[in-house]
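Everything below concerns the one structure shown next.
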């Protein structure tokens with residue numbers, strides 16, 4: 001008699017064949033031979049504990065997947081982003097980095113923060129698991145649509161692995177009218193701080209940084225997303241708004257932030273965090289190379305801890321770095337037909 005353990009060990013189809021004393025049907029064998037399997041790791045990014053931070057699915061070898069299939073898989077995972085690694089010759093990766101593409105359920109992105117950190121962490125972990133020289137895992141360079149992004153790994157004060165990406169040097173764009181933005185957010189213009197302008201900044205993906213005076217206003221935000229979409233369509237080089245406040249009521253946290261977008265709220269937006277660090281340094285809200293601890297995702301019960309800093313060289317803001325921890329939570333494979 002078969003037990004539940006036997007069932008789990010051999011699988012439903014194998015159990016049926018074993019009980020019947022027959023071999024697996026030829027049709028099933030043919031189907032298995034025509035199946036393509038793609039391994040993935042799911043990892044919680046900008047978090048020290050599982051079930052916090054921003055979840056990411058990383059497909060470790062996406063060779064053979066078409067653009068349409070990657071879009072479909074991103075819709076299937078239904079996460080903010082899913083990444084696909086395309087292994088290349090070691091010599092090429094040593095000079096150009098590991099080729100990675102980033103997809104949301106809606107579109108492909110040239111760059112995004114938590115997918116960059118999470119994917120680099122998965123690559124690092126696989127290097128160490130393969131017994132390759134450990135020094136190769138200290139720095140992982142990703143070859144993204146936006147260009148090469150290096151991620152350096154160290155141990156933090158708690159002994160956990162900490163990864164820090166160097167984003168593209170910032171570009172500063174349009175300054176947005178406070179009254180107009182306040183109407184889009186359903187708040188008073190006086191709820192928006194005048195310590196620095198609402199400005200579009202990009203370190204690979206452009207966000208307009210909106211400084212909110214009080215934490216309670218940030219916590220109760222309900223932006224009119226359809227009106228914002230219309231506004232964004234007419235704004236040059238703007239992805240969306242990113243909401244920040246220095247009213248954290250916690251001396252260990254420099255900013256509380258929210259990333260509320262058309263498709264939902266983001267637990268952690270590493271690309272916008274880099275833009276924010278550059279914006280703070282430009283307007284004197286942070287000093288050059290000062291690390292700012294950003295907390296995001298609290299309102300949706302996915303607290304995320306982001307470290308961000310930027311340097312200043314005269315009038316130029318540069319060397320934007322965003323980092324955090326990440327912990328793998330699951331792995332498996334997708335089975336697709338030929």
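Answer yes or no as to whether residue 141 is part of a helix (DSSP H, G or I) and in contact with a strand residue (DSSP E or B) (Cβ under 9 Å, 6 or more places away or on another chain).
Values: part of a helix (DSSP H, G or I): no; in contact with a strand residue (DSSP E or B) (Cβ under 9 Å, 6 or more places away or on another chain): yes.
No: the conditions fail for residue 141.
Taking the criterion of being farther than 25 Å from residue 107 by Cβ and surrounded by 18 or more Cβ atoms within 10 Å (Cβ to Cβ), the only residue of segment 218-243 that qualifies is 218. Of everything listed in (1) surrounded by fewer than 24 Cβ atoms within 10 Å (Cβ to Cβ); (2) in a strand (DSSP E or B); (3) free of Cβ contacts under 8 Å to residues at least 60 places away in the same chain, the single unmet condition for residue 288 is (2).
May I ask you to say which residue of 211, 267 is modelled with pLDDT of 95 or more, surrounded by 17 or more Cβ atoms within 10 Å (Cβ to Cβ) and over 23 Å from residue 144 (Cβ atoms)?
After ruling out the rest, the residue left standing is 211.
Determine if segment 270-279 includes at least one residue that is out of contact with any helix residue (DSSP H, G or I) (no Cβ under 7 Å at 6 or more places or on another chain) and assigned to a strand (DSSP E or B). The answer is no, given that none of the residues of segment 270-279 is out of contact with any helix residue (DSSP H, G or I) (no Cβ under 7 Å at 6 or more places or on another chain) and assigned to a strand (DSSP E or B).
Tell me which residues, restricted to segment 167-180, are in a strand (DSSP E or B) and surrounded by fewer than 19 Cβ atoms within 10 Å (Cβ to Cβ).
Taking segment 167-180 and keeping what is in a strand (DSSP E or B), we get 171-176.
171, 172, 173, 174, 175 - these are the residues of segment 167-180 that are in a strand (DSSP E or B) and surrounded by fewer than 19 Cβ atoms within 10 Å (Cβ to Cβ).
Looking at segment 122-138 only, could you name the residues that are out of contact with any strand residue (DSSP E or B) (no Cβ under 9 Å at 6 or more places or on another chain) and either surrounded by 13 or more Cβ atoms within 10 Å (Cβ to Cβ) or assigned to a helix (DSSP H, G or I) (or both)?
Applying the first criterion (out of contact with any strand residue (DSSP E or B) (no Cβ under 9 Å at 6 or more places or on another chain)) to segment 122-138 yields 128-136.
Of everything in segment 122-138, those that are out of contact with any strand residue (DSSP E or B) (no Cβ under 9 Å at 6 or more places or on another chain) and either surrounded by 13 or more Cβ atoms within 10 Å (Cβ to Cβ) or assigned to a helix (DSSP H, G or I) (or both) turn out to be 128, 129, 134, 135, 136.
Inspect all residues belonging to segment 79-90 and state whether any of them is assigned to a strand (DSSP E or B), over 23 Å from residue 325 (Cα atoms) and either out of contact with any strand residue (DSSP E or B) (no Cβ under 8 Å at 6 or more places or on another chain) or in contact (Cβ under 8 Å) with a residue 40 or more places away in the chain (or both). Give the derivation first.
As a first pass, look at segment 79-90 and keep what is assigned to a strand (DSSP E or B): 82-86.
Filter once more, so that each one left must be over 23 Å from residue 325 (Cα atoms): 86.
Pick out the ones that are also either out of contact with any strand residue (DSSP E or B) (no Cβ under 8 Å at 6 or more places or on another chain) or in contact (Cβ under 8 Å) with a residue 40 or more places away in the chain (or both) and you get none.
No, because not a single residue in segment 79-90 is assigned to a strand (DSSP E or B), over 23 Å from residue 325 (Cα atoms) and either out of contact with any strand residue (DSSP E or B) (no Cβ under 8 Å at 6 or more places or on another chain) or in contact (Cβ under 8 Å) with a residue 40 or more places away in the chain (or both).
Test residue 313 against the criterion of being out of contact with any strand residue (DSSP E or B) (no Cβ under 6 Å at 6 or more places or on another chain) and more than 16 Å from residue 256 (Cβ to Cβ), and give yes or no. Yes, satisfied.
Against the definition (farther than 20 Å from residue 148 by Cα, more than 16 Å from the chain's Cα centre (by Cα) and modelled with pLDDT of 95 or more), how does residue 53 come out, yes or no? Steps first, answer last, please.
On the way: farther than 20 Å from residue 148 by Cα: yes; more than 16 Å from the chain's Cα centre (by Cα): no; modelled with pLDDT of 95 or more: yes.
Taking the combined requirement at face value, the residue does not satisfy it.
For segment 48-69, name all the residues that are buried (at least 20 other Cβ atoms within 10 Å of the Cβ) and not in a loop (DSSP other than H, G, I, E, B). Within segment 48-69, 54, 55, 56, 57, 58, 59 meet the criteria. Beta carbons closer than 6 Å, at least 6 apart along the sequence or on distinct chains, pair a first residue in segment 238-251 that is closer than 14 Å to residue 195 by Cα with a second that is at pLDDT 95 or above and part of a loop (DSSP other than H, G, I, E, B) for 247/214.
Being closer than 20 Å to residue 42 by Cβ and either touching a helix residue (DSSP H, G or I) at 6+ places or on another chain (Cβ under 6 Å) or not assigned by TED's automatic domain parsing to the domain that holds residue 68 (or both) is a property that does not hold for residue 314. If I filter segment 273-281 for residues that are out of contact with any strand residue (DSSP E or B) (no Cβ under 7 Å at 6 or more places or on another chain) and either at pLDDT 95 or above or buried (at least 22 other Cβ atoms within 10 Å of the Cβ) (or both), do I get at least one hit? The answer is no, given that none of the residues of segment 273-281 is out of contact with any strand residue (DSSP E or B) (no Cβ under 7 Å at 6 or more places or on another chain) and either at pLDDT 95 or above or buried (at least 22 other Cβ atoms within 10 Å of the Cβ) (or both). Only residues that are over 18 Å from the mean Cα position of the chain (by Cα) and either more than 23 Å from residue 197 (Cβ to Cβ) or crowded, with 22+ Cβ neighbours inside 10 Å (or both) were counted in segment 300-313, giving 1.
Of all residues assigned to segment 92-101, none qualifies as being more than 30 Å from residue 159 (Cβ to Cβ), out of contact with any helix residue (DSSP H, G or I) (no Cβ under 8 Å at 6 or more places or on another chain), assigned to a loop (DSSP other than H, G, I, E, B) and modelled with pLDDT of 95 or more. A single member of 128, 142 is outside the structural domain of residue 207 (by TED's automatic domain parsing), touching a helix residue (DSSP H, G or I) at 6+ places or on another chain (Cβ under 7 Å), modelled with pLDDT of 95 or more and farther than 16 Å from residue 306 by Cβ, and it is 142.
The values are calculated or read from the model by the stated rules, or taken from the named source; none is laboratory data. Computed from a predicted model, the values in this text were never measured in an experiment. Cβ: placed from backbone, ideal geometry, glycine included. Neighbour counts: every protein chain shown.
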